[in-house]
Structure formats: structure tokens, C-alpha cells
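See structure below.
The values are calculated or read from the model by the stated rules, or taken from the named source; none is laboratory data. Everything numeric in this text was worked out from a predicted model, so none of it was measured. We place every Cβ from the backbone using ideal geometry, glycine too, and count neighbours over all the protein chains shown.
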Amino acid sequence: METPIPSIYQTPNSVKTLRAYYKDRALPDVAHVAAELNGISDRASVILLAAILDDLLNFRITQSITAQLNDDDMTHAFRFEGPLGALSHRIEIAYLFGSIELATYKELNIIREMRNACAHSSFVLNFTKPEMANVAKRLFAPHGVVSLPQDTPDDIKSAFVTAGLFLIQTLAHGSRAEAAKHIQKELRQLAAHHTLPDEPPQP
């Protein structure tokens, strides 16, 4: 009796488990994301941030869909060759249908271009490279909300992460104004829990 040849289309259970893990679309923990982005290479931080923003953009688009779609319908709509398959298409459609603002549209496209370069370039890419740094600076003031303290690779990386965290909050909460309110609320909560050291005794 011949041994059956395994199908090339069979998916191992371990892979199915991994897929279920990354298909959990819970909103990211911003503090954990910040720590991870700051702790990895410039190139990796661009790719990871783009992936997180891509997932959140999908979330923002699905919140705007009025048709009653099940999971299979959603998967079909977001299939690679479908109308929402490419990140560039999702960014454009989200803007045209009012799910994101113009500034967010522009910043997402900047990060998309940076991601493409980081994911596909055979050359070393980091914020010491003018080609990478000059594009990243388009995310900062006066175009964006984040200021660049000094023009050093470390400052560019820090400002890039901060700009990315603001975009995460923007997509999670629906607008740049809501993101700013959420950040201000978090800062007030931190300030309320901050205890000043006891004053030294008076002589």
C-alpha cells in the first residue's frame, strides 16, 4: 500500500495556532509598543510600526463599514488582490470615506514608503542615512505634531517613535483631536499619582 503524499495545501496545527494569535485584533498596549520600538533597530522599528498601523487602519475601516458582513466577507474584502488588499489602497479609501484626516493620510503614506524601503532594500538602512532621515523628518513639525529636539540619529529615532505612537492613538480613537485628548488624560492621571518627596524638616 502506497503512503499518501501529503497535500502542499495542508496547514500544520502549530501554524493555525500562530495565525489565531496574530489575528486577535485587540488594540495594542501603547507602553509596550513604545518599549519595543525603542529597543529594536531603526529598520525593525519602521517595519513593526507600519504593521501595527496597518492593523489599526483595518480596524478603523471596518468601523466605517455599514453593510452587514461576516468574517468570511471581511476576509474577502481585505484579500490581497481585493479593493482593500494593499496598504496604499486602504490608506486612500480610508481618507476618501472620511475615516482618517488629511494629515493622518499623509503621515501613513510616509511610513508606508519607509516600510517599503526597510523591508525590501538590500542596503543598510537606519536614521544615520540621509535617505531615511530626510523622509522621517516629514513626520515632524511643522508638518506633524512632534518636534525634533536636535538633528541626531537618536533624536530622529525618538521623534519617529513618538509620532508613531500618536498615529496609533489617532487610529485607535478615531481622530487626531481624540488622540490628543486621550494623551492629555493619561498625562493628568500620571500627574495625579505622582507623589513629591517629603520636604526636609525646617531648622
Residue ranges of helices (runs of 4 or more DSSP H) in the stretch 26-85 with at least 1 members at pLDDT 75 or above: 30-39, 42-64
Among the numbered criteria (1) at pLDDT 95 or above; (2) more than 16 Å from the chain's Cα centre (by Cα), which single criterion is violated by Lys106? (2)
Would you confirm whether or not the stretch 145-152 contains a residue that is assigned to a loop (DSSP other than H, G, I, E, B), surrounded by 16 or more Cβ atoms within 10 Å (Cβ to Cβ) and in contact (Cβ under 8 Å) with a residue 12 or more places away in the chain? yes
The number of residues in the stretch 153-178 that are farther than 15 Å from Gly39 by Cα and basic (Lys, Arg) is 1
For Asn126, all conditions in the list (1) assigned to a helix (DSSP H, G or I); (2) buried (at least 16 other Cβ atoms within 10 Å of the Cβ); (3) modelled with pLDDT of 95 or more hold save one; what is the number of the exception? (1)
Of the candidates Ala179, Ala94, Ala163, Ala172, the one satisfying the condition of being part of a helix (DSSP H, G or I), among the small types (Gly, Ala, Ser) and surrounded by fewer than 21 Cβ atoms within 10 Å (Cβ to Cβ) is Ala172
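Right, Ala133: of a type in the set (A, V, I, L, M, F, W, C), more than 16 Å from the chain's Cα centre (by Cα) and surrounded by fewer than 18 Cβ atoms within 10 Å (Cβ to Cβ) or not?
Considered against the rule, which asks whether it is of a type in the set (A, V, I, L, M, F, W, C), more than 16 Å from the chain's Cα centre (by Cα) and surrounded by fewer than 18 Cβ atoms within 10 Å (Cβ to Cβ), Ala133 comes out as no.
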